[in-house]
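A short worksheet on the structure shown next.
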Amino acid sequence: MNVPLADLHAQYLTMKPEIDLAIKSVIDSSQFILGKSVADFEGAFAAAHGARHCIAVGSGTDALHVSLWALGIGRGDAVITTPFTFIATTEAISLCGGQPLFVDIDPRTFTMSPEKLGELLSGKNIKIGKGLTVKGVIPVHLYGQAAAMDELLEITKTYQVEIIEDACQAHLATYDGKYVGSFGATACFSFYPGKNLGAYGEAGAVITNDDALALKMRRLRDHGQVEKYKHDFWGHNYRMDGIQGAVLGVKLRNLSQWTARRRSIAATYKKLLSGVGDIVLPHESPKAHHVYHLFVVRTKRRSALQQFLSGKQIATSIAYPIPLHFQQAYRHLGYRKGDFPVSETVADECLSLPVYPEMTDEQVEYVVSSIREFFRD
Ligand SMILES: Cc1ncc(COP(=O)(O)O)c(C=O)c1O
């Protein structure tokens with residue numbers, strides 16, 4: 001048996017007639033950039049998250065960048081996030097001319113530790129970032145689980161800094177019964193093909209309930225145009241392709257059902273892998289509705305387990321093997337080994353097991369029995 005990390009072709013076959021028709025209608029209309037398919041998708045995606053606005057852009061990275069840009073982040077400003085995320089989170093800060101500051105993650109949920117955020121914002125023990133003004137915090141809803149938004153919001157309100165949610169892995173995730181995007185000034189999504197909602201190329205979106213911010217981001221996305229060839233400020237070209245809007249519109253209709261299947265696979269893994277070897281299973285906060293973009297376990301025998309599973313044709317991956325403070329790109333910030341011990345340990349031990357809606361029960365059982373076999377020997 002072969003178990004990939006995702007099976008996008010199998011997914012396509014489940015909705016081929018609708019996808020083919022949606023793509024053809026964009027080609028027939030020649031609305032290759034933005035246009036009706038993108039506008040329709042924006043409306044549907046905003047509604048799915050109970051948000052007032054959705055601005056479709058070219059990628060999750062664009063979504064983060066345009067959010068920070070619209071919020072006026074610039075030189076001399078710092079934005080706080082965790083070092084245990086994809087580099088796009090901090091690239092958005094750097095692209096605005098700001099500086100990322102890191103706080104460690106919670107060891108159980110892998111999302112930003114409210115306690116560590118409080119310590120950093122209180123200014124005690126600050127070694128890095130002196131002289132900068134903290135303007136924003138980017139909690140990352142990592143692997144599909146929302147960060148502890150109630151506690152984080154309480155802290156950011158005290159210090160009057162904006163929250164920008166990195167929801168690139170967390171479509172339809174909730175916290176305290178509210179969708180991601182209900183907490184920050186904006187929430188940013190990626191539709192990279194392998195995401196829970198994936199396009200057939202690059203795509204992303206921002207949602208917000210702030211009318212003025214929405215208008216600003218809509219203009220920044222399109223060269224700062226207020227009307228054709230009239231630019232009150234400069235922006236960028238962050239427009240979504242018509243074909244991506246059409247594909248996403250079709251796929252969005254299946255997202256709740258796909259999410260339910262991901263959660264059911266996660267539940268089976270949790271039941272059958274409990275107590276196996278030294279495996280630490282993902283913890284779901286009682287307030288969070290995890291959408292399991294990734295099902296990530298921890299083990300001290302990661303490399304041997306990964307090799308063993310690969311020999312059984314089971315794909316796994318590591319997100320992320322090198323925390324951002326160890327990356328050459330951010331060496332200049334001056335962080336050292338030991339500054340974020342939880343991120344550093346999790347980076348050494350995390351392993352993503354296959355989880356995707358088209359995965360069969362037999363494939364799930366095969367992954368479980370293979371892991372059990374590894375730890376028996
Ligand atoms: C947490 C996180 N942030 C940002 C991004 C960037 O999204 P994109 O690849 O669509 O630019 C991703 C996607 O890989 C992500 O996982």
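So the values come out like this:
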{"quantity": "Distance (nanometres) between label positions extended 7 Å along Cα→Cβ at Ile33 and Leu8", "calculated": "2.3"}
{"quantity": "Semi-axis lengths, Å, the stretch 197-264, gyration tensor of Cα atoms, sqrt of 5 times eigenvalues", "calculated": "31, 14, 8"}
{"quantity": "Lys, Arg +1 and Asp, Glu -1 on Cβ, resulting dipole of the stretch 230-282 about Cα centre, debye, nearest 20", "calculated": "280"}
{"quantity": "Whole-angstrom Cα spans of the stretch 281-352 along principal axes, big to small", "calculated": "41, 36, 19"}
{"quantity": "About the Cα centre, charge dipole magnitude for the stretch 71-222 (Lys/Arg +1, Asp/Glu -1 at Cβ), debye", "calculated": "380"}
{"quantity": "Over the chain, relative contact order from alpha-carbon pairs under 8 Å, at least 6 apart, %", "calculated": "23"}
{"quantity": "Solution diffusion estimate, µm²/s, Stokes-Einstein, the stretch 255-376, Kirkwood Rh from C-alpha pairs, 10 °C, viscosity 1.306 mPa s", "calculated": "101"}
{"quantity": "Cross-link table Lys116/Lys270; Lys116/Lys337; Lys178/Lys287; Lys135/Lys216; Lys135/Lys230; Lys251/Lys312, entries beyond 20 Å C-alpha to C-alpha", "calculated": "Lys116/Lys270; Lys135/Lys230; Lys251/Lys312"}
{"quantity": "Residue order, fewest to most beta carbons within 10 Å, for His223, His141", "calculated": "His223, His141"}
{"quantity": "Estimated dipole of the stretch 43-146 in Debye, rounded to 20 [Cβ of Lys and Arg +1, of Asp and Glu -1, Cα centre]", "calculated": "240"}
{"quantity": "Set of aspartates and glutamates near Lys36 by C-alpha distance (under 13 Å), chain-local residues within fewer than 8 positions excluded", "calculated": "Asp28, Asp241"}
{"quantity": "Label-point separation in nm, Met1 to Met15, each point 7 Å along Cα→Cβ", "calculated": "2.6"}
{"quantity": "Coarse-grained scattering of the stretch 21-115 at q = 0.10, 0.13, 0.14, 0.17 Å⁻¹, given as base-10 log I(q)/I(0) from a Debye sum over alpha-carbon atoms", "calculated": "-0.41, -0.64, -0.72, -0.89"}
{"quantity": "q = 0.08, 0.09, 0.10, 0.13 Å⁻¹: log10 I(q)/I(0) that the Debye formula gives for the chain, counting C-alpha atoms only", "calculated": "-0.41, -0.52, -0.64, -1.07"}
{"quantity": "Extreme residue, positive dipole direction of the chain, given options Pro17, His236, His325 (C-beta unit charges)", "calculated": "His325"}
{"quantity": "Dipole of the stretch 37-145, positive direction: furthest Cα of His141, Phe41, Gly76, with charges on the beta-carbon", "calculated": "Gly76"}
{"quantity": "Spatial separation of Cα centroids for the stretch 1-69 and the stretch 260-337, in angstrom", "calculated": "27"}
{"quantity": "Calculated FRET efficiency for the pair Asp176/Tyr229, C-beta based, R₀ 51 Å, to 0.05", "calculated": "0.65"}
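Rule-based calculations on the coordinates, nothing more; no lab input. Remember, predicted model here, so these are calculated numbers, not experimental data. Glycine gets a Cβ as well: all are built from the backbone with ideal geometry, and neighbour counts include every protein chain shown.
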